[in-house]
Amino acid sequence: MNEDPNISSTSMKLEEAQEEILALRRQLDELRAQNQAMWTLLAEVSRRLQTSSTSIKAAASSLLEHDIFWDGSNQHEFLEAIDTSVDQGADLITLMMLAFRSEANTLELQLEPHTLQEILSAVLETVAIEKPEFNVVFDCPPVGTPVLVDYEYLAIGLRLLLDVLMESGMVSSQLTLRLVELEGSWLLDILDTQESVTEALNHLCQNRFDELMLVDHISPENVLKFFTASRIIQLQNIELDVQMGEQGETSLRLTIPTVSKA
């Protein structure tokens, strides 16, 4: 008895529909996990912001206490605590604002031709001043094709990214960046990343921040920095991926498109 072709066709369509439904369910579960992870992350960063605010309040109240006389040394110590806490609070507020705006795609990016070497030199100059314990090595050609990026936001994204790599122990005491031009793009490799953090970098590149939060040596603040940096960078059509070298060297690679030649 021959099988009815219409029944066979209908059965295949049902199987395809079931596969599509399963795929959509998996995507929905991933989105739910990501949303839950993001809310958990923001709650933890908000708690740190509250801690900074509490420190400011405690130090200011101590200075205003009329029943206690504080000498110049103690007053200076309290003022230093206030100054540090204000800076920490301001940095966290700025970071959260950037995270929300990058996720909502409300950043006003102005993609214009810029010299990549100039942007990187400015970023690394700041890094060298603020983190003198790191030896910064920048290997790049002196000239090349301009890239189509937002100067300010690319600098912010790169700075956040380098901050996390250094603060989380993902690079050794020497920070090495290598820039190579290919047809249509630049390859920026952040070298000397430790092999033990390959998994964390893969979570970053795949936007798996729920998994990234489980990595022991990365603080919630740095996870949020990772998230914000990757969003700012990827919104400029820049790809992020992890590369394994022949010598077992792990690097984080950014593929940055150049300006199209007329």
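A few notes on this one:
- Between the beta carbons of Arg47 and Val86, assuming R0 = 25 Å, the FRET efficiency works out to 0.90 to the nearest 0.05.
- Simple label model, 7 Å out from Cα along Cβ direction - Gln243 to Glu167, nm: 2.7
- Each label point was placed 7 Å from the Cα along the Cα-to-Cβ direction; for Asn74 and Thr106 their separation is 4.6 nm.
- The Ile129 and Gln174 beta-carbon pair, evaluated with R₀ = 22 Å, returns a calculated FRET efficiency of approximately 0.85.
- Potential lengthening of the chain between Val143 and Val259 amounts to 40.4 nm, from the contour at 0.36 nm per residue minus the alpha-carbon distance.
Every number in this text was worked out from the coordinates using simple rules, so none of it is lab data. Quick caveat, the model's predicted, so the values are computed rather than measured. Cβ: placed from backbone, ideal geometry, glycine included. Neighbour counts: every protein chain shown.
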